[in-house]
Amino acid sequence: MSSGLDVFDEAPVASGAESGMLSEGHVYQHSGHRLLCRTCNDFQRTKAELVADVTPPVLRITCKTCGTYSDFELRKMGVIPKLFSERVRRFSFSRAKQVLGG
Amino acid sequence: MGLNKYVKATPSQVATMMIIGIGLALTALTFQVGIRMPWLVFLAFIFGSGTAGYYLFVVGVKFYSFLVVTENYRTTTFHPRVKVVWDEGWKTHLGLVFAGGYNSPGKLLSWPDIEKPGGMAKRGKVAELFVTADPFMIESVANTRFLVIRGKSRECNHWETAAFFKRPSIQAAIGDEVDGIKRLYWVMSSTSLHPDDVSPESLASVMRGPSDLDDLASLFQRWQAEYRMTNEQEEERVMRGLHNIEKSRSGRSKAPAQVTVHEGKEESTDE
């Protein structure tokens, strides 16, 4: 492990700290923002990668703890969960019908 | 012995406290103080003491209600509660965030207000429910002190809310709490979702920017080509405009000398 304090380091963090200091483990566990993982049922660190060889391209977000991932389609309105993409379209159409009185 | 169950003190200390308490009570009952003051001074005294009390409360109290933030909405919650629900009909996981309650959007409550038994906090502990199309859209900041829902929340109408709460998966998960939920928000798309780290290749692809010097050089070449092309197109457009102006002038003056300048064009218009 490097001498500097790297809270994003993937290596197991050292436990224990000098008196009056936060341990590296504590900093690692309590820093950064986390996303809710459906498998862990808890907030976990995540990573993302762009899968460009599918149409439309998807942003794959993976839980660093358990490896669960979700694909998000890149659309003009933002990213939409791939499994929910069609339902978002239907919801928007039903809303439009309500507004237009159809 | 019975009193000792509630008060952590020796019997002698309890007896001493009782004697002192009874003595103070008797003194209070028999003591009378008469103060004469103008009513304006009395009102000023009441106002001043109230202001001082409020000031001491504001500077001394700690606020504990947690924030829930979406891309277009901000509210608070009594405790940061989230739930993952598997919906059999949609074959997907939904993320639920419980928020709102007695505290209106943005209002902060102190811990005693939240914990008041049978008080206002208990009446409306769950008043707003955010449903995300994927649990990954719910983010925790500062160890769940802030819940950030990465997406634009859309409030559902009465029929949409009723239809959602009738779903078997929702009934099984939060069926007993449905009555307390006054507003339902759906979060479907996100423009700010991001994980802890993004690979440089993905970031470059997403941002459409250069990742190294070669990319930067090719980007400059592309810009130059685009600029050259744009310049040529602009030049052509301006020249076409000049031709049109000259044509219109020549048409109005009907001067044959000017018509000869653009002979080919005039012939085509005459036809």
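The values are calculated or read from the model by the stated rules, or taken from the named source; none is laboratory data. All figures in this text were calculated on a predicted structure; none of them were measured in a lab. Cβ coordinates were reconstructed from backbone atoms using ideal geometry, including for glycine residues, and neighbour counts include every protein chain displayed. When the accessible area is computed, the model is the full protein with side chains, heavy atoms only, and any ligands, DNA or RNA have been set aside. Shrake-Rupley method; radii C 1.70, N 1.55, O 1.52, S 1.80 Å.
For peptide B:183-191, compute the average count of partner chain beta-carbon atoms within 10 Å of each residue's beta-carbon.
Per residue, the number of nearby Cβ atoms from other chains is 4 on average.
Put a dot 7 Å past the Cα of A:TYR69, heading toward its Cβ, do the same for B:ASN244, and the two dots end up 5.3 nm apart. A:LYS47 contributes an accessible area of around 100 Å² to the protein surface, as traced by a 1.4 Å probe with all chains present. Once both labels are positioned 7 Å from their Cα atoms along Cα-to-Cβ, the gap between B:ALA28 and A:ALA96 label points is 7.1 nm.
Among the residues of A:39-45, the average count of other protein chain beta-carbon atoms within 10 Å of the residue beta-carbon is 4.
When chains A and B come together, the accessible area they lose, probed at 1.4 Å and totalled over both chains, is close to 3400 Å².
If R0 equals 51 Å, the separation of the Cβ atoms of A:GLU49 and B:GLU177 corresponds to a calculated FRET efficiency of about 0.85.
Largest first, the residues B:TRP90, B:TRP159, B:TRP186 sort by 1.4 Å accessible area into B:TRP159, B:TRP90, B:TRP186.
Note on B:PHE45 and B:ASN143: with the Förster distance fixed at 35 Å, the Cβ-Cβ geometry gives a FRET efficiency of about 0.15.
Remark: mean inter-chain Cβ contacts per residue of A:84-95 equal 3, using a 10 Å Cβ-Cβ cutoff to other protein chain atoms.
Each label was represented as a point 7 Å from its Cα along the Cα-to-Cβ direction; for A:ASN41 and A:MET77 these points are 3.2 nm apart.
FRET efficiency for the pair B:ARG36 and B:PHE57, taken as 1/(1 + (r/R0)^6) with r the Cβ-Cβ distance and R0 = 30 Å, rounds to 0.45. Scalar couplings 3J(HN,Hα) for segment A:48-56, obtained by applying the Karplus form with A = 6.51, B = -1.76, C = 1.60 to θ = phi - 60°, are 9, 8, 8, 9, 9, 8, 10, 10, x Hz; x denotes Gly and Pro. Accessible-area rank, largest first, for B:LEU67, B:LEU94: B:LEU67, B:LEU94, with all protein chains present and a 1.4 angstrom probe. For B:TYR55, the solvent-accessible surface with a 1.4 Å probe is about 140 Å², rounded to the nearest 10. Heavy-atom surface analysis with a 1.4 Å probe gives segment B:147-195 a carbon and sulfur content of 53 percent of its accessible area.
Ordered from highest to lowest accessible area with the whole protein assembly present and a 1.4 Å probe, A:ARG34, A:ARG75 read as A:ARG75, A:ARG34.
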